[in-house]
Structures are given as structure tokens and as C-alpha cells.
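Enquirer: Got a structure here, written out as C-alpha cells. Questions coming.
The numbers here are math on the coordinates, done by the rules we state, and not lab data. Bear in mind the structure is a predicted one, so any value in this text is a computation, not a measurement. Virtual Cβ from ideal backbone geometry, glycine too; neighbours counted across all protein chains shown.
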Amino acid sequence: MKQRIALLGSTGSIGCQTLEVVERHPDMFEVISMTAHSRWQQLAEQARQFMPDSVVIADPTHYAALSEALADTDIKVYAGDEAVAQVAAAGNVDVVVNALVGYAGLAPSVASLRAGKKLALANKESLVVAGDIVMGLVGTEGSALVPIDSEHSAIFQCLVGEHSPVRKVIVTASGGSFRDTPAEELSNVTVEQALRHPNWSMGAKITIDSSTLVNKAFEVIEARWLFGLRPEQIEVLIHPQSVVHSMVEFEDGAIKAQLGTPDMRVPIQYALSFPARLELDAPSFDFLANPELTFRAVDRVKYPALDLAYHCLREGGTAGCIFNAANEVAVAAFLGRRIGYTDIYKTIAHAFDTLPLVARPTLDDYAEVNREARRVAEQFIAKR
Ligand code: NDP
Ligand code: MG
């Protein structure tokens, strides 16, 4: 039987690559619903190609335009954040691909797990904000979670068939757009330079997050929740080639790595096809053409954001929620040219310094802290 997919964030980088995977295996996968935030024209085009039962535009101001664009089809059109969570929990869906960006991904992650779906999760922010709640829901009504993030997919793949405890995981980082830029020059870099990632083509927010290593910090938190690790079991290494996607070291010192040419379709497809593998036209990695695979330590002065991940793991509670909210606001302000590049970290640090932590938060507490942290970050930015 075909797996019936709700694709949240179909117009984004992960969303489009998920559709490529579906297109390649029409006998295996079927798109039941697709959602976007504001790019309604692209959503309408995708809907005409994949003919889902329903589409959702999260920003309701585009509802009329989208409805009109699909008026001659049977596709149901909905609008608003709640509708995104509703299509994720719908009875005719087997798998939810959560390819939303930011805090907006949390509620649909929760809704899919509560409804017993398999959640193929790209939206790492769900785990950064509320990893305790999200992981606590895995198993409800038979629900499951499979990571799409390449590092976590690599770790997941290394763990298949293993039953012994791990000594540690080694998460690799490309180093982002400024890996060869001296720290002193970072205050003058431009948005265009920051958006030029050396190895991956991704959405704007994660490309900036990769350059500040906030993305890697988020991935440390993500790894803690997905694999139940202690902070000291998660190591990060800069690996400029992005060929080793991450590694697991076992108790006997044996290390397993998952390697390949950088291509997000591989972890997306694996999340959908697990435990099987399906054919993909991904190129074979040529070791002889790329004989150098190098690793180095992260410069903690140049990339202060990485330490914040370990701070969040130690503190728990709403620390990750504050980190995520302040970062979302700061990255949007940088992309909007309202602050400089190094102000991103300053905004996050300010939010941590200003806001108290809430222990054992509920989803409502997270929502409240998310709002508060955004407000504090906006205020800080307005004064700069
Ligand atoms: P994009 O910005 O390319 O796409 C985001 C998608 O979410 C779009 O469909 C967008 O709609 C929609 N969206 C944005 N904001 C909202 C909102 N407030 N409510 C509802 N929908 C919204 O992001 P990526 O595909 O790059 O990343 C998606 C997630 O996957 C992120 O969490 C990222 O960290 C993670 N990830 C991405 C990787 C990549 O290679 N891109 C690799 C590993 C992880 P619209 O187009 O209308 O704006
Ligand atoms: Mg990643």
C-alpha cells in the first residue's frame, strides 16, 4: 500500500526535495495534503501536479487567491495555522513530513504524534523548543519519529541493528559561509555573503544558522532528544567537505560513519522508506577525486553559539525555547538589514540574560516564553 503523506512546507527547500522523492516513487508514495505560508502561486502549481486532497495556506490573506487558482479542481483549500496542524492529524494520512521552518513547526509535530502518525522531521526547532514534550509523545497511538536532518539521519542509520550503548556521537559541521573568514571580519559581512553556503543549498534561515553555528547548536540539542544522550556524549567537529554526515562511537571504540555526496534527498527518502532503502539517482561519491576528508575543532571564540547548546542541555526547561525565539527574531532582522551579523549572537545572549527559565514547562508555557523572548529580542534590536 502507498504511504499517504501530509507535506508541511511543500514550497521550501526540503518540501520541494520531498516532492522529487515522491515523483520518483509514485508506486510507494502519495501526497494527501500540502501546505505553505505565503507562496500561494507555487503551492497552487504543486497542487496541480500532485493533486492532493487538500492544501493549506498558513497566511490567511492569500486564501482567496489560492482558492481561485484551484477553483476548477476538487482540491480543498484551507487557511491558518490550525488548519496546518489539522491536516497533519487527518485520518487519511500515514506520514507527516514536517518541513516547516521555526517555531511554527512545533504544534504540527505535536498534532501528528498525538494522532499516531509517523513523523519524518526536518523541523529541528520542534525539538530545540520542546524536545521533552515531543519525545514524550512518540509512541502515542503507535506514532514514530524519524529524523530528516542529515546529521541525525546519519546517526540513525549508524544505529540500525545496534543494541549496545554508544560512547558518543560525533556531529560534523561544514563551518558555514564564513568558515574561512577571520572572526575580526565578521562584523562587516553582508547578507549576500552569509547566504552563500559552500556545500548545501537550503532555505535562508538555516543558511544563516549554519554560518553562525546556531544550526549546529540546535543539532546538538536535537541529538540529545532523539538519541537520549548526555551533553558530554555529543561532540562537534568541523568537516569542511560535508561528506561524513556524522558518526557514532560505540563502547568498544569502534566508530561507524555514514558518508556520501551532500544531497538532502537521501535522508528525506530514507525517512520515508525506512527500514528499506529505495533507488535514487544520487551520484556515487568519488573517493579518488576527493581524497581529502579533514576534521578540526570548532573555534569557540569565533562561534560562541555552540556553547549555548550545552548551556541549554544543562539548564533544561525553557532554555531552548528562548534560544530559538531570539534567534528567529535576530536572523529575520539581519536578513531585513536591520542589524549587523554579529548582533545575531548579541540578541540571543541578551534574551538569555533577561529572561528567567521555567522548569517543566507545558505547551502553553512554551508559547508564552516564545512570545516573551521574541518581544525582548525585538526591543533589543530596536535600540541598536
Ligand atoms: P524554507 O524556508 O526553504 O521552507 C520553509 C517552508 O515552511 C516553506 O514551505 C514556507 O512557506 C513554510 N513556512 C514558513 N514559515 C511558516 C509559518 N510561520 N507557518 C507555516 N508555514 C511556514 O526552509 P527549509 O526547507 O530550508 O527548512 C525547513 C526545515 O528543515 C527547517 O527547520 C530547517 O532547519 C530544516 N532543515 C533544512 C535543511 C535544508 O537542506 N534545507 C537541512 C536540514 C534541516 P512559504 O514558502 O510560503 O514561505
Ligand atoms: Mg543538519
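Enquirer: About the Cα centre of the chain, how large is the charge dipole given +1 on each Lys and Arg Cβ and -1 on each Asp and Glu Cβ? Please answer in debye to the nearest 20.
Expert: So the dipole magnitude of the chain works out to roughly 520 debye.
Enquirer: In whole angstrom, how far apart do the alpha carbon centroids of region 36-104 and region 235-269 sit?
Expert: Result: 34 Å between the Cα centres.
Enquirer: Here's another thing I want to ask about it. Out of all DSSP beta bridges with both ends in the chain, state the antiparallel percent to the nearest 5.
Expert: Once the DSSP bridges in the chain are tallied, antiparallel ones form about 25 percent.
Enquirer: Which one, SER33, THR11, PRO147, is farthest towards the positive end of the dipole of region 3-148 when Lys and Arg carry +1 and Asp and Glu -1 on their Cβ?
Expert: PRO147
Enquirer: What's the magnitude of the charge dipole for region 141-243 around its Cα centre, counting Lys and Arg as +1 and Asp and Glu as -1 at the beta-carbon? Answer in Debye, nearest 20.
Expert: Once rounded to the nearest 20, the dipole reads 140 debye.
Enquirer: Spin-label point model (7 Å from Cα, Cβ direction): what's the GLU232 to MET51 distance in nm?
Expert: Going from the GLU232 label point to the MET51 one covers 5.9 nm.
Enquirer: Which GluC sites (Glu not before Pro) in region 202-276 pass both tests, a DSSP loop state and at most 13 other beta-carbon atoms within 10 Å?
Expert: Qualifying residues, ordered by number: GLU251.
Enquirer: When you have a sec, figure out the Kirkwood radius of region 3-148 from all distinct Cα pair distances and drop it here in Å to one decimal?
Expert: Taking the inverse mean of 1/r over all distinct Cα pairs, region 3-148 comes out at 14.8 Å.
Enquirer: I need the P(r) histogram for the chain: all alpha carbon pairs, bin width 10 Å from 0 out to the longest distance, whole percents.
Expert: Reading the bins upward from 0: 5, 23, 34, 27, 10, 1, 0.
Enquirer: In this model, which of LYS216/LYS302; LYS124/LYS205; LYS216/LYS383; LYS117/LYS216; LYS117/LYS168; LYS256/LYS302 are farther than 24 Å apart at the alpha-carbon?
Expert: From the list (LYS216/LYS302; LYS124/LYS205; LYS216/LYS383; LYS117/LYS216; LYS117/LYS168; LYS256/LYS302), the Cα-Cα distance tops 24 Å for LYS216/LYS383; LYS117/LYS216; LYS117/LYS168; LYS256/LYS302.
Enquirer: Using a simple spin-label model with points 7 Å from Cα along the Cα→Cβ vector, what separation in nm is obtained for ARG277 and ALA289?
Expert: Label at ARG277, label at ALA289, 2.0 nm between them.
Enquirer: Would you calculate the separation in nanometres between label points at ARG265 and SER201, each defined as 7 Å from the Cα along the Cα-to-beta-carbon direction?
Expert: Result for the modelled spin labels: 1.2 nm.
Enquirer: Also: Once every DSSP H run of n ≥ 4 in the chain is given -39500 (n - 2.57) and the sum is divided by its residues, what mean residue ellipticity at 222 nm do you get, rounded to the nearest 500 deg cm²/dmol?
Expert: Only helices count here, giving -13000 deg cm²/dmol.
Enquirer: Related question: Placing unit charges on C-beta atoms (Lys and Arg positive, Asp and Glu negative, everything else neutral), compute the dipole magnitude of region 3-148 about its Cα centre in debye, rounded to 20.
Expert: Its charge dipole is roughly 280 debye.
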